[in-house]
Amino acid sequence: MSDWRPRLVALDVDGTLVNGRNEMSPVVRETVRALREKDIEVVISTGRSVPGVMDTADKLGFERGYAIGSNGSLVFTYRPTEMLRAVTFDASEAVRSILDRMPDVLVAVEEVGVGYRVNRAFPSDELGGTITVQSVEELIGEPVTRVIIRSPEHSTEEFREVVTDLGLTDTNYYIGYTAWLDIAPMGTSKASGLDFLCDHLGIAQSDVLAVGDGNNDIEMLTWAGRGVAMGQALDEVIAVADDVTGSIDDDGVVDVLRPYL
């Protein structure tokens, strides 16, 4: 692929563009900006909601663009924000199953473009946008684009074991580095969001470069013409990638993008 050049680059946010403190290094910012100046479409592709996407766009200094949000449930343009696709689902059964096993978990559902509705307060800075507290029944009373389950009192291993044992059906779900679970509509992923966007833009799947580090990036890296895992990525992410770059601490995404400048 020495002479291959992408037409669209899809970039994960947490662990790819920013570190655990939500900091973006100057070299990452300037390299991503330079890529767009070469007429390559740069798409933010993240589990974050709209406010989180906009925070990343602000860090990059992007006034406009396309984004995949909420692990593929949302596909939109920004400034102004215009939804091209929003996929919703009935999360009530999945949430009730989890609460039966772990009654003290925190639950949040996305309020598109606004923030989240939650049953109790999450740890500070974990959710963006406007936060509204409601009962669980109110949260799951209507279809939503995304549900977050958070269990600060459990280790990641304990949380993973419980979630795996539940055998959630009719949903896609992703377990984060912490005791954090994202639940999305069945068949929805960053890959499905990119597939929709590429069809909208007239860009072939084979012309897409994707970079990420989490298990919510597996479908995206597998789907893209070239998928690159960050150096600190989970083993299962590295296993499906075409290549592996440096870690977030080494600004690994820069090494992936520089050859195309």
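The values are calculated or read from the model by the stated rules, or taken from the named source; none is laboratory data. Not measured: the values here are computed from a predicted model. With ideal geometry, Cβ positions are generated from the backbone for all residues, glycine too; neighbour counts draw on all protein chains shown. Surface accessibility is based on the protein's heavy atoms, side chains included, excluding ligands, DNA and RNA. Shrake-Rupley method; radii C 1.70, N 1.55, O 1.52, S 1.80 Å.
Determine, yes or no, whether THR31 is under 18 Å from the mean Cα position of the chain (by Cα) and either closer than 15 Å to MET230 by Cα or not aromatic (Phe, Trp, Tyr) (or both). Answer is no for this residue.
Within the range 24-49, the residues that satisfy the criterion of being in contact (Cβ under 8 Å) with a residue 24 or more places away in the chain and either assigned to a helix (DSSP H, G or I) or among the aromatic types (Phe, Trp, Tyr) (or both) are VAL27, VAL28, ARG29, THR31, VAL32, ARG33, ALA34, LEU35, ARG36. Considering only residues in the range 118-131 that are over 19 Å from the mean Cα position of the chain (by Cα) and surrounded by 13 or more Cβ atoms within 10 Å (Cβ to Cβ), the one that is farthest from PRO185 (Cα to Cα) turns out to be ILE131. Taken together, ARG79, ARG64 contain a single residue that is out of contact with any Ser or Thr (no Cβ under 6 Å at 6 or more places or on another chain), open to solvent by 10 Å² or more (accessible area, probe 1.4 Å) and modelled with pLDDT under 95, which is ARG79. Per the listing GLU41, GLU110, GLU23, the residue uniquely in contact with a helix residue (DSSP H, G or I) (Cβ under 9 Å, 6 or more places away or on another chain) and open to solvent by 60 Å² or more (accessible area, probe 1.4 Å) is GLU23. Scanning the range 106-116 for residues that are within 19 Å of the chain's Cα centre (by Cα) and closer than 16 Å to ALA94 by Cβ yields VAL107, ALA108, VAL109, GLU110. Residues that are farther than 18 Å from SER73 by Cα and touching a strand residue (DSSP E or B) at 6+ places or on another chain (Cβ under 6 Å) within the range 144-162 comprise ARG150, ARG160, listed in sequence order.
Going residue by residue through the range 234-252, is there one that turns out to be surrounded by 23 or more Cβ atoms within 10 Å (Cβ to Cβ), free of Cβ contacts under 8 Å to residues at least 24 places away in the same chain and part of a loop (DSSP other than H, G, I, E, B)? Yes. Of the residues making up the range 199-226, those that are in a loop (DSSP other than H, G, I, E, B) and at pLDDT 95 or above are GLY202, ILE203, ALA204, ASP213, ALA224, GLY225. Which ones in the range 1-48 are small (Gly, Ala, Ser) and at pLDDT 95 or above? Passing the criteria: ALA10, GLY15, SER25, ALA34, SER45. For ASP255, the stated conditions hold: it is of a type in the set (D, E, K, R) and open to solvent by 50 Å² or more (accessible area, probe 1.4 Å).
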